[in-house]
Every structure is written in C-alpha cells, then in structure tokens.
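The block underneath contains the structure these notes are about, expressed in structure tokens.
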Amino acid sequence: MDGKIGLGQPHSSRMYDYFLGGKDNYEVDRQAAAEVLKVWPGIRTAARANRQFMQRSTRFLVDMGVRQFLDIGTGIPTEPNLHQIAQRGEPGARVVYVDNDPLVLAHARALMTGSGLGATTYIHGDVTEPKSILQAPELGEVLDLDEPVGLSMIALLHFVDSGTEEIMSAFVDALAPGSYLVICTATADFDPEQVATARAIYRARGITAQERTHDEVTGLFRGLDLVEPGVVPPHRWRADQMTEVSPSYDADVSCYAGVARKP
Ligand SMILES: C[S@@+](CC[C@H](N)C(=O)[O-])C[C@H]1O[C@@H](n2cnc3c(N)ncnc32)[C@H](O)[C@@H]1O
C-alpha cells in the first residue's frame, strides 16, 4: 500500500478536515473542497452532523454494554475522537482505528492517547480489503473478536462504489453475536442535483464517490436487527435534544445513518 502523503491530489480526509474547520489540509484539498461547497453549501453542516452522530451512536453502544470498537474511515483526529467518547462512558473501552490516508497515519499518535485503562491502536488499512484489517496483528492485540464489537463506518462507504456486499459480509461474519454495525453515508434522496454534481467533482479528482438510496443503505444492514429509529438522516437518529433545524437541513446533510445489532 502506498504510504506516501500525495500532495498532487486531494484526499477525502483532508477535504473533510477543511469542511470541519481543521488545519490539516493542503491547497489542493481546499481547492477541491471550494468546488464542492459551491454546489453543496451545506456540506459543513453535513460534516458536523456526522461527528455528532458518531458521538451519540458511540454513547448508545457503551450503554448497550459494548466495550470494544473498530472504527474504519476514522479521519484526521477531531476532538472528541471516538475513543474519548467511549472511554468517558467506559474507561476500559478498547478501540482500533483504521484509515487508508497516510496523513491520518501521520496523526495516529493523537488517536492513541486513551484513558490509560483502555487501549487504542491504529491500522493503516483499506476497507475494501477486510481480511487485511481483520487479520492484522494489531487488531488481535486490542480486540477479542469472540466478544461483541461496535463496528463503525461513518462517512466512509460513499467512498466505496463496488463490492460493498462482499465487504460488509466479510466484516459482519467476523463479528460475535451482540456486536453492532454503525453506518452513516451519503444519499441523493433529498437533493439529487446537488449530490450528483458533488459526486462528479470528487470523481474528476480521482476520489471514488457513490451516494445510496434509503433502500440501499438499509440493505447494508442485511442480516442485522436495526435499532430504532432505523435508517434516518444522522441528525434524526436518537437526537432528543435536537435544536431547531431549517426546512433544508435534510438536504444540507444528505446522509443516512443507522445502527444495527448482530443477533
Ligand atoms: C469523510 S471522512 C470521515 C471521518 C470520520 N469517520 C467522521 O465521520 O468524522 C472519510 C474517511 O474515510 C477514509 N477512507 C476513504 N476511503 C477509504 C478506504 N477505502 N479505506 C479506509 N479508509 C478510507 C478517508 O481517508 C477519510 O479519513
């Protein structure tokens, strides 16, 4: 796998960092992000809604007794990171992070400062190669796959456009009963033109991009029991303290999220 930080081409992690107001991005990322912002001005709102969903879903999993987490497509560290949320609820929680961006690898140390009681580690890996992640020695050192795991793929699967069924089966089959799958991924259901134009901008820059319908996102949870409220925009997932949102908020976010349990 190429471990170099390519500066000639934008990367989804650094564009996302830019949308979130971070500083770990380069001119090439900012230019591509500016193009996307022109057609999808609400994408910063989408990025924030994703991060908030990550926090709520992680707290939910801790409440459900999950003590181990596998977070694929982690992104550049953005506080609070998943292990901070998990270890706030359960100091002994163990977290394995995975991303395929060399810049995330360069920042991985920031992801490994846990509570001291739990453990966190980082694997430079690709979600399209499940075996290389599941069989990585670092994963085995931190996670016990015979016990439930919370597997999260938040704002990741819209960067995967083929083989998704096999990928999901490989991961879900490896999880113990009582594990949970957490997904948030882009949809064009609320604003087809905005999302199609943004997809074209990503693809023109060599980044795979693929939105999914509500049925397609629901299909990603095949064989699992979706927890209430099912597949909904991330800001509508167990958001009991949701502040007032504008009528265009669903289109601004243009993502679906869900959490399901392996029976
Ligand atoms: C939009 S960011 C989401 C970050 C974080 N999960 C969140 O929701 O805040 C997507 C991340 O997925 C990573 N990514 C994209 N394609 C990937 C792949 N095939 N395998 C692993 N990670 C990937 C990118 O490098 C990026 O860090």
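So the values come out like this:
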read-out	value
5 angstrom amide H check on GLY125, placed H, neighbours 5+ away	ASP99, ASN100
Intensity falloff of the range 49-196 expressed as log10 I(q)/I(0), Debye formula with alpha-carbon point scatterers, at q = 0.09, 0.12, 0.18, 0.19 Å⁻¹	-0.26, -0.46, -1.06, -1.18
Placed amide H near CYS255: partners under 5 Å, 5+ positions off or other chain	THR187
Order of exposure, largest accessible area first, which applies to LYS131, LYS262, LYS23 with probe 1.4 Å	LYS23, LYS131, LYS262
Compactness of the range 158-241, expressed as Rg and Dmax over alpha-carbon positions, Å	14.5, 41
Taking N as its residue count, the alpha carbon Rg of the range 3-57 over 2.2 N^0.38 Å	1.18
Per residue, in Å², the accessible surface of the chain once ligands and nucleic acids are set aside, probe 1.4 Å	44 Å²
All-pairs Cα distance distribution in the range 107-180, expressed in whole percent, bin size 10 Å	16, 48, 32, 4
Mean separation of Cα contacts under 8 Å (6+ apart) over length of the range 116-263, as relative contact order %	26 percent
Semi-axes of the equivalent ellipsoid for the range 1-118, Cα gyration tensor, largest first, Å	28, 17, 10
Two-decimal Rg to Rh for the range 197-261 - Kirkwood Rh, Cα set	1.04
Measure of compaction for the chain (Cα Rg per 2.2 N^0.38 Å)	0.94
Surface share of carbon and sulfur [accessible, 1.4 angstrom probe, percent] for the range 22-140	50 percent
Share of carbon and sulfur in the accessible heavy-atom surface of the range 157-213 [1.4 Å probe, %]	49 percent
Pairwise centroid distance, computed over Cα atoms, of the range 100-153 with the range 8-43, Å	25 Å
Reduced Cα scattering model of the range 190-234, Debye log10 I(q)/I(0), q = 0.29 Å⁻¹	-1.03
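The values are calculated or read from the model by the stated rules, or taken from the named source; none is laboratory data. Everything numeric here is computed off the predicted structure, so don't read it as measured data. Just the protein is used for accessible areas: all its heavy atoms, side chains included, with ligands, DNA and RNA removed. Shrake-Rupley method; radii C 1.70, N 1.55, O 1.52, S 1.80 Å.
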